[in-house]
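J.: Have a look at this one before I ask anything.
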Amino acid sequence: MKQIILLISAILVYTQSANSQNPHTTIPQGFDEIRGNISHGKIDTISYFSKTVGTERKALVYTPPSFSKDKKYPVLYLLHGIGGDENEWLNGGKIQIILDNLYSDSKIEPMIVVMPNGRAMKDDRATGNVFDSMKVQAFANFEKDLLTSLIPFIKKNYPVKKGREHRAIAGLSMGGGQSLNFGLGNPDQFAWVGGFSSAPNTKPPEELVPLPEKTKKQLRLLWISCGGNDGLLPFSQRTHDYLKENNVPHIYYVIPGGNHDFEVWKESLYLFLQLIFKPVDSSVYSVYMSGV
Ligand code: FER
């Protein structure tokens with residue numbers, strides 16, 4: 001009996017340590033803390049004219065430490081939540097530190113990260129009632145602004161690789177819903193799509209992916225993650241269920257104990273960044289999906 005208990009304990013300890021060492025989901029300590037003696041990327045604040053809104057609009061652009069105008073880079077469009085703006089990923093998400101550290105460890109492909117203001121309206125500040133229906137509608141209106149003004153501006157002013165294979169879109173909460181809606185809705189524009197804790201603005205799955213076979217062929221990576229304790233989890237879950245039923249490969253990562261906060265979003269971003277703009281090893285799907 002004692003031996004059986006010992007054996008079971010050993011198996012439990014082994015599987016737990018195997019899980020905690022899972023290279024796909026392990027987040028090293030200090031991943032979002034400033035390190036000394038490493039090179040830093042640069043953050044520009046840019047301003048572009050939006051044909052959709054009729055105003056100049058701001059965005060932040062991170063270029064990597066090794067940035068050279070003589071090279072060409074893929075671009076990640078990274079979107080904020082309902083209470084945020086173009087600065088949210090920088091301030092709450094420590095994006096600059098996370099990227100600098102990932103480059104220092106040679107864990108990601110050189111890329112340009114564009115952080116727009118996803119509330120496409122004249123007064124796009126995150127003030128007053130951020131749940132106001134006009135402001136929520138402005139998150140949907142951003143699709144047009146992104147496609148017709150911001151992407152062309154970035155193409156014109158930065159050395160970027162052109163085409164869907166070199167363009168990713170991801171975001172948190174409202175920005176997660178935008179990323180799934182715009183990314184899956186415009187497969188000719190985006191081959192890499194990530195929704196973190198996606199909000200109720202996420203279209204129903206049948207609208208997001210009406211033609212699963214087509215989506216399957218066009219997408220390079222679809223990432224859906226959410227905190228296990230987040231009240232918005234059903235929006236990710238229903239999307240995952242539909243994709244699974246229709247055999248559309250995707251990552252579905254429910255972060256154990258995770259809430260609707262930057263712990264989940266930083267972790268999601270850290271893992272997503274390491275997967276994009278490089279060949280996808282299909283074994284990653286089973287790793288994240290285990291237990292779902
Ligand atoms: C809602 C709940 C949450 C909603 C939006 C959110 C538009 C967005 C949260 C976030 O961006 O953090 O009912 O409706």
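The values are calculated or read from the model by the stated rules, or taken from the named source; none is laboratory data. None of the values given here were measured: they were computed from a predicted structure. For neighbour counting, all protein chains shown are included, and Cβ atoms are generated from backbone atoms with ideal geometry for every residue, glycine included. Heads up: the accessible areas ignore ligands, DNA and RNA and are worked out on the full protein's heavy atoms, side chains in. Shrake-Rupley method; radii C 1.70, N 1.55, O 1.52, S 1.80 Å.
J.: What length, rounded to one decimal in nm, is gained on full extension from residue 162 through to residue 188, with 0.36 nm per residue of separation minus their alpha-carbon distance?
T.: Extra length available between residue 162 and residue 188 comes to 8.2 nm.
J.: So how do 80-93, 188-201, 254-267, 58-71 stack up, highest first, on mean other-Cβ count within 10 Å?
T.: So the order, starting with the most tightly packed, is 188-201, 80-93, 254-267, 58-71.
J.: Further question: Pop a pseudo-label 7 angstrom from the Cα along the beta-carbon direction at both residue 241 and residue 216 and give the gap in nm to one decimal.
T.: Taking the two extended label points, one gets 2.1 nm.
J.: OK, next. Just to confirm, what accessible area per residue do you get for segment 89-230 at 1.4 Å probe, in whole Å²?
T.: 38 Å²
J.: Place +1 on the Cβ of every Lys and Arg and -1 on the Cβ of every Asp and Glu in segment 128-279, take the dipole about the Cα centre, and give the residue among 262, 228, 158 whose Cα lies farthest towards its positive end.
T.: Highest projection toward the positive end goes to 158.
J.: In addition: For a Förster distance of 41 Å, can you work out the FRET efficiency between the beta-carbons of residue 280 and residue 133, rounded to the nearest 0.05?
T.: 0.60
J.: Let me ask another. Please report the net charge: other residues with Cβ closer than 10 Å to the Cβ of residue 117, K and R +1, D and E -1.
T.: -1
J.: Could you check how much of the accessible area of the chain is carbon and sulfur, as a whole percent, using a 1.4 Å probe?
T.: Its accessible area is 54 percent carbon and sulfur atoms.
J.: Using +1 on the beta carbon of Lys and Arg, -1 on that of Asp and Glu, and nothing else charged, what's the dipole of segment 147-248 about the Cα centre, debye to 20?
T.: Magnitude of the dipole: close to 580 debye.
J.: Report, in debye and to the nearest 20, how large the dipole of the chain comes out about its Cα centre when Lys and Arg carry +1 and Asp and Glu carry -1 on their Cβ.
T.: It comes to approximately 840 debye.
J.: Now a separate question. Quick check: residue separation of residue 27 and residue 43 times 0.36 nm, minus the Cα distance between them. What number comes out in nm?
T.: 3.3 nm
J.: Would you be so kind as to identify which of 54, 82, 126 lies farthest towards the positive end of the dipole of the chain, taking Lys and Arg as +1 and Asp and Glu as -1 on Cβ and the Cα centre as origin?
T.: 54
J.: So, one more: Taking the mean number of other Cβ atoms within 10 Å as a proxy for protection, how do you rank 151-157, 179-185, 129-135 from highest to lowest?
T.: So the order, starting with the most tightly packed, is 179-185, 151-157, 129-135.
J.: Using the Kyte-Doolittle scale, which helices in the chain average at least 0.0 and also have C-alpha atoms spread 15 Å or more along the helix axis, with helices defined as whole DSSP H runs?
T.: For the chain, where a helix must reach 15 Å along its axis and average at least 0.0, the hits are 2-20, 174-185, 262-273.
J.: Only bridges with both residues in the chain count here: give the DSSP antiparallel percent, nearest 5.
T.: DSSP beta bridges in the chain are roughly 35 percent antiparallel.
J.: Report, in listed order, any pair from 58/94; 58/244; 58/266; 69/216 with a Cα-Cα distance greater than 30 Å.
T.: 58/244; 69/216
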